[in-house]
Amino acid sequence: MSIVTLDCDRMKLDAKVKKIAVKSFICMLLVIGAVFLSSEVRQFIHRPYYYIRNIYNLVDVVSLVMPMHMQLTHLLEMEMIRLHLPAYIGASVFFVYLDFVSFFFRYTFSIGT
């Protein structure tokens, strides 16, 4: 939300200050994503057969990796991903949505057992 506020010129800041703020937010989000991704790696190391067999784990990994890849390309100012930006953002949001829905799906079935 803060990056959107900085990007849409609601706050009058210098371009240099805005660029530093956006890059610091992206770095913070990358650290948070790395923490969650390390949790997925630990789950894979603990029980690899169960982890690969469950499709929800794949959705978890993709919903973490796609936004992190997008943030890295924005942070490194790469142009290759910006050509297909709307499709990439749409796919990323779709996998985050699947992750969100699958959480409640798993939670509902775990209550009944």
Taking segment 40-66 and keeping residues closer than 21 Å to Cys27 by Cβ and either in contact with a Gly (Cβ under 7 Å, 6 or more places away or on another chain) or of a type in the set (A, V, I, L, M, F, W, C) (or both) leaves Val41, Leu64, Val65, Met66
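Yes/no per residue for (1) surrounded by 12 or more Cβ atoms within 10 Å (Cβ to Cβ); (2) part of a helix (DSSP H, G or I); (3) at pLDDT below 85; (4) not hydrophobic (A, V, I, L, M, F, W, C):
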site: Lys18; (1), (2), (3), (4): yes, yes, yes, yes
site: Val22; (1), (2), (3), (4): yes, yes, yes, no
site: Phe25; (1), (2), (3), (4): yes, yes, yes, no
site: Val31; (1), (2), (3), (4): no, yes, no, no
site: Val35; (1), (2), (3), (4): no, yes, no, no
site: Ser38; (1), (2), (3), (4): no, yes, no, yes
site: Arg42; (1), (2), (3), (4): no, yes, no, yes
site: Tyr50; (1), (2), (3), (4): no, yes, no, yes
Scan segment 54-62 and give yes if some residue there is modelled with pLDDT of 85 or more and either surrounded by fewer than 12 Cβ atoms within 10 Å (Cβ to Cβ) or part of a helix (DSSP H, G or I) (or both), otherwise no.
-> yes
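The values are calculated or read from the model by the stated rules, or taken from the named source; none is laboratory data. What you see is a predicted model; the values in this text were computed from it and never measured. When we count neighbours, we look across all protein chains shown, and the Cβ atoms used for this are built from the backbone with ideal geometry, even at glycine.
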